[in-house]
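The values are calculated or read from the model by the stated rules, or taken from the named source; none is laboratory data. All values reported here derive from a predicted model rather than from experimental measurement. Here the Cβ is made from the backbone with ideal geometry for all residues, glycine too, and neighbour counts use every protein chain on show.
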Amino acid sequence: MELQFNADEIAFREEVRAFITDNLTEEMKQGMLRGGYLIRDHVIEWQRILNKKGWGVPHWPVEWGGAGWSPIKQSIFTEELQLAPAPRPLSFSVYMVGPVIIEFGSEVQKKRFLPRIANSDDWWCQGFSEPDAGSDLASLKTNARREEGYYIVNGQKTWTSYAQYADWIFCLVRTDPTVKKQMGISFLLIDMKTPGIIVRPIQTIDGGHEVNEVFFDNVKVPVENLVGEENKGWDYAKFLLSAERVNLARLGVSKERLQRARELAARTPYQGRPLLEHAGFRTKIAALEVELKALEITQLRVLSAEGQSHGAPDPASSILKVKGSELQQATSNLLVQILGPDALRRQEDAFDDWSSMITANYFNWRKVSIFGGSNEIQKTIIAKSILGL
Amino acid sequence: MQDSLVRLLQRSYAFDHRRKYEAAAPGWSREIWAQFAEIGLLALPFTSENGGLDGTPVDTMIVMEQLGRYITLEPYLSTIVMAGGILRRAASTEQHESISTKVIDGSLIVSLAHAERGTFGSPSRVGTQAVRSGDLWQISGHKSCVLHGDSADLLIISARTSGAPSDAKGITLFAIDPRATNIDIQSYALHDGKSASDIQIKEVLVPDSALIGCVDDGFRILQSAEYETLAAVCAEAVGVMSELHQMTVDYLKQRKQFGVPIGNFQALQHRAADMYIALEQARSMAMYAAMMSQTDDKIAIAQAVSSAKVQIGRSAKLIGEEAVQMFGGIGVTMEFKAGHYFKKLTLLEQFLGHADHHLELLTSGPGLFELE
């Protein structure tokens, strides 16, 4: 296998970089630098720019708008977006519900939803977690009973990111309470405008509003919004979660942070000279770079092994999730430390640039080792699926 | 060749075999060495015009990983990778005929004698002196921790021919016969079952034909060979780690306490998963070091091997210490093999600079991602 990009891949990287430079507005870039919250208008606008170029959903099959790239090219593309940094694609749409509809949805669902996802015409959110179903997701209780061409949904979802913007929610619901918990779950697509849905914001420790509780009170969902077969939803959810895991290394995000740490340290005086010149600091940054380089090579190995975008993800992708989240958290903490006393201030307008958001971002990013299957869950996957324990 | 090597090791390098090889002089198996020669292993890094196989650092990586899996005792790293790397780069045609050919057929063991006591961290610090004496060179000084010095039929020795003690320029390489008079070799066992020697050289005279490469130009060659050796050490450590990790996981499935296999306990499952992550991260960096060693960019190579050694050092420590802990009492006995794998990892971690040393080297270079 090759651990370095070939000429074609390097040329591709240049092409992606040039396109980003020509199309990414300064406002979008600053929005990303200031903390990484999705800004609704930016996400939609940028998705449409990419989609027009044919790059909106490059990992999808070509017939639904995919670019036909190798896994390596897809990862180059993702990393370049992260390095820019450009608005993150809405993963609930393009990485989660889109691939599930492609793999398991009906022709009608594909035609109805996929082009709108690719163009960000609909904003999707994810209805999986519940107050009593976190890591033990299959114990979820939100139920759907079938009645005259509809499912009647009752229950509560939580940690629903950006539900406040959402047009649609894809939900795991219990359709058969009498069987083993994994066997009675179905995958429903629900219009957020349906009567009986209430969204309640949850404020996180950084002071922001990203996640929500979503309540369902006798919500009527047409049966044609069931994906695949009734009671097979757990299989579709596993498919979705493993695809999500691959995406969570977010190497470009950590690389961009390390680059920023170097820049910030170069203009931060400490004991009379730039912090970047101090051996202790340089050692710290070098140690993180080594881990990041190792993860980059591991990701290339996992991608090469998968060979094609729709293969079942290697359980080794759990390494990407664990190490990727640790590095995102470590690099965000590094930025806090560089700020020194300036890191204490809470006001967003305390500085005129992105550094005002650093500490809040560090608080916010404790989430990355919790969501998408917590790191403990990932270690259990490694222990069971790879080590056979 | 990889398949032949795997078969050979499976057949002849069970832990009981290894114990026998270690117990009898010279502390490794000449029979195995002859079989290494037979399957072409000793010819690997030499060029085809000198009877070699034109092997790349990636080929060496594959071999070293296998040798690590069985914690082999033979002088492959010292004779083939280190000394061989120097011969390939600097030996004259005559020297290839008189030295390399015999290394390849297995009849000559060569060791590099470069490091001296107190020079760790200063690779260009050479106190051993070589001065002109008529047509000859007169060499005096001492060398420390020369791997397999007691088995060596030939030593490649670094000596200062000009410049200050730490100058990169002014170091020259000589091939000398360790049995010459005025050479005193004190050998000792290492913790991994191999041996090393401290060597005193008193006014030893050698002719110009003993020069390997050009006068004053030895450091460049030493450094390139050292980078290659570092990449090989990383690969060897990956072999040791994967075997030790597998051994540990097997034990977790088999050892019962409280009526169940201890691998049922989540506390141990997650630690075994952490070991696996450390192993795969180390494997990635060993691959990276080997691949980068094939390029011509010296700064990039130095960065790659140092960053690999940092990762290997950290992974080796975690896997070694955790494995011993999970084996419990038998992990700290001489009788059982796990402890020997742990010791091997500890030595590889220290050899040619531990993680902190290489981290220190990295801080003086450009960032790892600034080269891209």
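The table that follows gives values for the structure above.
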{"read-out": "Pair list, Cβ under 7 Å, 6 or more apart: region A:287-304 residue within 8 Å of chain B (Cβ to nearest Cβ), other residue aromatic (Phe, Trp, Tyr) and surrounded by fewer than 24 Cβ atoms within 10 Å (Cβ to Cβ)", "value": "A:GLU289/B:PHE369"}
{"read-out": "Condition check for B:GLU321: crowded, with 22+ Cβ neighbours inside 10 Å and either among the acidic types (Asp, Glu) or assigned by TED's automatic domain parsing to the domain that holds B:HIS191 (or both)", "value": "no"}
{"read-out": "Selected residue (only one of A:LYS238, A:LYS141 is touching a residue at least 24 places away in the same chain (Cβ under 8 Å) and not in a strand (DSSP E or B))", "value": "A:LYS141"}
{"read-out": "Selection status of B:VAL215, among the β-branched types (Val, Ile, Thr), at negative phi and out of contact with any Leu (no Cβ under 8 Å at 6 or more places or on another chain)", "value": "yes"}
{"read-out": "Criterion violated by B:GLN266 - all others in (1) facing another protein chain (nearest Cβ under 9 Å); (2) in contact with a strand residue (DSSP E or B) (Cβ under 6 Å, 6 or more places away or on another chain); (3) of a type outside the set (Asp, Glu) satisfied", "value": "(2)"}
{"read-out": "Region A:174-191, residues that are buried (at least 20 other Cβ atoms within 10 Å of the Cβ) and under 22 Å from the mean Cα position of the chain (by Cα)", "value": "A:PHE187, A:LEU188, A:LEU189, A:ILE190"}
{"read-out": "Top-ranked residue of region A:246-263 - restricted to ones that are part of a helix (DSSP H, G or I) and away from chain B (no Cβ under 14 Å), ranked as surrounded by the fewest Cβ atoms within 10 Å (Cβ to Cβ)", "value": "A:ASN247"}
{"read-out": "Of all residues making up region B:151-181, the number that are among the aliphatic types (A, V, I, L, M) and under 20 Å from the mean Cα position of the chain (by Cα)", "value": "7"}
{"read-out": "Any hit, region B:302-312, residues being in contact with a Phe, Trp or Tyr (Cβ under 7 Å, 6 or more places away or on another chain), more than 10 Å from chain A (Cβ to nearest Cβ) and either assigned to a helix (DSSP H, G or I) or over 19 Å from B:LEU244 (Cα atoms) (or both)", "value": "yes"}
{"read-out": "Residue in region B:18-41 that is nearest to B:VAL63 (Cα to Cα), counting only those that are assigned to a helix (DSSP H, G or I) and aromatic (Phe, Trp, Tyr)", "value": "B:PHE36"}
{"read-out": "Residue within region B:144-160 that is surrounded by 17 or more Cβ atoms within 10 Å (Cβ to Cβ), of a type in the set (Gly, Ala, Ser) and not assigned by TED's automatic domain parsing to the domain that holds B:PRO207 present", "value": "no"}
{"read-out": "Residues that are more than 7 Å from chain B (Cβ to nearest Cβ) and without any contact (Cβ under 8 Å) to a residue 24 or more places away in the chain, drawn from region A:373-387", "value": "A:LYS384"}
{"read-out": "Qualifying residue in region A:346-360 (condition: within 14 Å of chain B (Cβ to nearest Cβ), part of a loop (DSSP other than H, G, I, E, B), modelled with pLDDT under 85 and surrounded by fewer than 20 Cβ atoms within 10 Å (Cβ to Cβ))", "value": "no"}
{"read-out": "Complete set of residues in region B:44-91 that are among the small types (Gly, Ala, Ser) and either touching a Pro at 6+ places or on another chain (Cβ under 6 Å) or not in a helix (DSSP H, G or I) (or both)", "value": "B:GLY51, B:GLY52, B:GLY55, B:GLY84, B:ALA91"}
{"read-out": "Any hit, region B:219-226, residues being at positive phi and modelled with pLDDT of 95 or more", "value": "no"}
{"read-out": "B:VAL6 vs. criteria part of a helix (DSSP H, G or I) and within 17 Å of the chain's Cα centre (by Cα)", "value": "no"}
{"read-out": "B:SER242, sole failed condition from (1) more than 10 Å from every other protein chain (Cβ to nearest Cβ); (2) assigned to a loop (DSSP other than H, G, I, E, B); (3) not hydrophobic (A, V, I, L, M, F, W, C)", "value": "(2)"}
{"read-out": "Residue in region A:11-32 that is part of a loop (DSSP other than H, G, I, E, B) and buried (at least 19 other Cβ atoms within 10 Å of the Cβ) present", "value": "yes"}
{"read-out": "Test: residue in region B:203-216 that is free of Cβ contacts under 8 Å to residues at least 12 places away in the same chain, of a type in the set (A, V, I, L, M, F, W, C), more than 22 Å from B:ILE71 (Cβ to Cβ) and buried (at least 21 other Cβ atoms within 10 Å of the Cβ)", "value": "no"}
{"read-out": "Conditions (1) more than 14 Å from every other protein chain (Cβ to nearest Cβ); (2) surrounded by fewer than 20 Cβ atoms within 10 Å (Cβ to Cβ); number of the one not met by A:VAL43", "value": "(2)"}
{"read-out": "Test: residue in region A:166-173 that is of a type in the set (Gly, Ala, Ser), touching an Asp or Glu at 6+ places or on another chain (Cβ under 8 Å) and buried (at least 17 other Cβ atoms within 10 Å of the Cβ)", "value": "no"}
{"read-out": "Conditions (1) surrounded by fewer than 21 Cβ atoms within 10 Å (Cβ to Cβ); (2) more than 16 Å from B:ALA37 (Cβ to Cβ): number failed by B:GLY85", "value": "(1)"}
{"read-out": "Qualifying residue in region B:330-348 (condition: surrounded by 17 or more Cβ atoms within 10 Å (Cβ to Cβ), more than 14 Å from chain A (Cβ to nearest Cβ) and at positive phi)", "value": "no"}
{"read-out": "Residue within region B:289-296 that is within 11 Å of chain A (Cβ to nearest Cβ), at pLDDT 95 or above, in contact with a helix residue (DSSP H, G or I) (Cβ under 9 Å, 6 or more places away or on another chain) and within 30 Å of B:ILE86 (Cβ to Cβ) present", "value": "yes"}
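Each row is one residue, and each column tells you yes or no for (1) β-branched (Val, Ile, Thr); (2) under 30 Å from B:SER364 (Cα atoms); (3) outside the structural domain of B:LYS343 (by TED's automatic domain parsing).
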| site | (1), (2), (3) |
| --- | --- |
| B:VAL233 | yes, yes, no |
| B:VAL249 | yes, no, no |
| B:GLN266 | no, no, no |
| B:HIS270 | no, no, no |
| B:LEU279 | no, yes, no |
| B:ALA302 | no, yes, no |
